[in-house]
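Some notes on the structure that comes next.
The values are calculated or read from the model by the stated rules, or taken from the named source; none is laboratory data. Values in this document were obtained by computation on a predicted structure and should not be read as measured data. Ideal geometry is used to build each Cβ from the backbone, glycine not excepted, and the neighbour counts take in all protein chains shown.
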Amino acid sequence: MKPAFRSLTMAAVLVAGSASWAQAPDETIDEALERCQRIEHGQPDEALALARSLLARDELADDPVRRARALGCRGWAEAQAGDTAAALATTDALRSQLEQIEAVEDRVPLLRRVAGLLQRADRTQASIEVLSEALALAQGPGLDDERISLQINLAIAHSESRNHDTAIGHYQRALSALDARPGDPRRMPVLYNLGLTLRGADRLDEARATLLELIEPLSAPGLEIRLASLYSALGSIERARGELAAAEDHIARSAALHADLDNPAEHSAMLTERASIALERGQLDQALTHARAALAEAERAEFVSSIRGALAILARVLAARGAYPQAYGIQQRYSEVSDDYWRDRLETRLEEAEARFGNERQARELAELRQARQEQDFALRRQQLRQWVLYGVAAAIVLVGLGAFFGQRRHTHRLRRLSRTDPLTDLANRRQATEWLDTMPESTESGWSVIWLLDLDHFKRINDNHGHDVGDQALVELAMMLQRFGDNHGVRTARWGGEEFVLAGPVDHAGSARRIAETLRRAVAKLDLRDRTGRIVELTASIGYAPLAGLNRHSGQSRWEPALQVADQLLYRAKQAGRNRSYGIWPVEGRAPIQVHELGAAVRSGQCRLLEGSDSAD
């Protein structure tokens, strides 16, 4: 398996930093912010201290742009130091801060920072979507520089997604634009990432030639961490070319630099490559030592790509030593980590990308659901036909025939129930939910029908910090509460998927819809959940909701689909606003139907009211 090398930071400015890390007395806040960004890659501890000192200043409390910049520096310093959880928490804070910033020239570079942090945390798809949002905003005059950076960032993200040809094209176009900008510091990171992408595309000679250009410029003081990564990458390329002596020389240089650095993710990549070289030379004891050290560093960094790479080489080394039971165990763990990795990437798309692509995803999923339901209905009809055939054939032996018929019918009913019930929570599943949503009218004599979409906040952290069994327990406890809640408030409940649940029912006015959302949100926060050690597990939820009436419906859509799409967007808005809150809309009667993709314009024009709820808002 090829080792995973991390790309250089998006829009990194590779300049040596100052030797003083606290804000100097004669240094302005803007100068301190610029210095923080310069040193966040090579001296993350110092950058973190500087970012914290800046965030503690009173001047930043009412300055959302500068505060966002300080959060971006803190987040990247945390990521570079290997504290992925802290970096993601800071990313959430940065995204919330962006809600207060309207100027495009300020939002675009900050969105780019968010995308860089998401990319560093292995949230590649979410990163691409944020970058696409930023690029759409950066089409005005005076933003040429930002467009180049966004092209570079998109190239990095596509490279991480293994879309190598697309990424190489982006890099080459960026380099062409940078040729007209002598001395632009982005040229080095573009060359570095182009070299890695060429390596991923197995264009080894081009990759080697590209990366060799960078040894001299990256030898400047303050860039040791990047030079160490460069030597690791060159070692990987030389090994792939069969040049083991050259590979060992590059890796030895990287190891010497890492002796004075503390970046566990990059250190793990170097050790993984060192283990691979030792394995090819038949030096199994050394290979085992390096592979185990690589795994320890990857686990310290909590970086999934590094963990997978270290597990892969460790399994190969153990197998080469004849330790097959141990190798099998490591391989099993590699499979589990990989399964979790891909599952997490799919789950994060639900939370991170719905503002831009949520409607398309819903439409696709609903189409797939309709097809699955049609196939199941066909199978059930075929099963019933078999029952009647069986009954007719068995008529001569009535008792046996009737026993087979009723036994088969019970079996069919059981299959029908299982196919419509979520096995963990015993709530209706998505298939059953769509069936009763299909029968729900847009309005009743007393009011309108409403859909509420609820999603647990930071559910992955619960699984990571307390274990998947506690995560399952949280879903079960929530489902029991939702069942009671539904009975008390006259609404139906279902598990829509993952930690997402749907409720639907009639209300008499907007205030009732908001009251149900807020009562539900507070009920989630009051759930008493504890892990195996007795620690309290805090639960909160974000909620989006919308009525079925007053929304524009496209041909072929069920009457409830636009409401679900709007609830989906509002749920994402609640996540972006800080979580543990609810948002809904309520159309103004007599106005034109609301376009699902134009909620903001509908609110501004008075077509609908935006309903908001949170503890801070009450």
Given the structure, is Arg281 surrounded by fewer than 24 Cβ atoms within 10 Å (Cβ to Cβ), under 25 Å from Leu118 (Cβ atoms), modelled with pLDDT under 95 and in the same structural domain as Ala323 (by TED's automatic domain parsing)?
no
Can you tell me which residues in region 45-81 are assigned to a loop (DSSP other than H, G, I, E, B) and closer than 23 Å to Gln119 by Cα?
Ala81
Looking across region 80-102 at residues that are touching a residue at least 12 places away in the same chain (Cβ under 8 Å) and among the aliphatic types (A, V, I, L, M), the single one that is surrounded by the fewest Cβ atoms within 10 Å (Cβ to Cβ) is Ala85
Just wondering, is there one or more residues in region 540-548 that are within 14 Å of Glu442 (Cα to Cα), more than 27 Å from the chain's Cα centre (by Cα) and in contact (Cβ under 8 Å) with a residue 24 or more places away in the chain?
yes
Quick check on region 484-503. Is at least one of its residues basic (Lys, Arg) and either at pLDDT below 90 or in contact with a Gly (Cβ under 7 Å, 6 or more places away or on another chain) (or both)?
yes
Among (1) over 25 Å from Glu102 (Cβ atoms); (2) touching a Cys at 6+ places or on another chain (Cβ under 7 Å) - the single one Ala567 does not satisfy
(2)
Is at least one residue of region 411-426 modelled with pLDDT of 85 or more, part of a helix (DSSP H, G or I) and closer than 25 Å to Ala574 by Cβ?
no
Quick test for you: out of Leu175, Leu196, Leu244, pick the one residue that is in contact with a Lys or Arg (Cβ under 8 Å, 6 or more places away or on another chain) and at pLDDT below 90.
Leu175
Tell me whether region 518-534 contains one or more residues that are acidic (Asp, Glu) and touching a Leu at 6+ places or on another chain (Cβ under 9 Å).
no
If you go through Arg495, Arg521, the only one that is surrounded by 20 or more Cβ atoms within 10 Å (Cβ to Cβ), assigned to a helix (DSSP H, G or I) and under 27 Å from the mean Cα position of the chain (by Cα) is Arg521
If only one of Arg573, Arg553, Arg559 is under 20 Å from the mean Cα position of the chain (by Cα), among the basic types (Lys, Arg) and surrounded by fewer than 24 Cβ atoms within 10 Å (Cβ to Cβ), which one is it?
Arg573
Report every pair of residues separated by at least 6 positions or lying on different chains whose Cβ atoms are under 8 Å apart, first residue within region 275-297 and within 15 Å of Arg239 (Cβ to Cβ), second not in a helix (DSSP H, G or I).
Ser276/Pro3
Given (1) within 30 Å of Phe303 (Cα to Cα); (2) assigned to a helix (DSSP H, G or I); (3) aliphatic (A, V, I, L, M), identify the lone condition not met by Leu539.
(2)
So in region 57-79, with the set limited to residues that are more than 25 Å from the chain's Cα centre (by Cα) and modelled with pLDDT of 90 or more, which one is surrounded by the most Cβ atoms within 10 Å (Cβ to Cβ)?
Arg66
Which members of region 232-245 meet the condition of being free of Cβ contacts under 8 Å to residues at least 12 places away in the same chain and either crowded, with 22+ Cβ neighbours inside 10 Å or in a helix (DSSP H, G or I) (or both)?
Ala245
Identify all residues within region 136-152 that are in a helix (DSSP H, G or I) and modelled with pLDDT under 80; write none if there are none.
none
Collect the residues in region 452-485 that are part of a helix (DSSP H, G or I), within 18 Å of the chain's Cα centre (by Cα) and aliphatic (A, V, I, L, M), keeping them in residue-number order.
Ile462
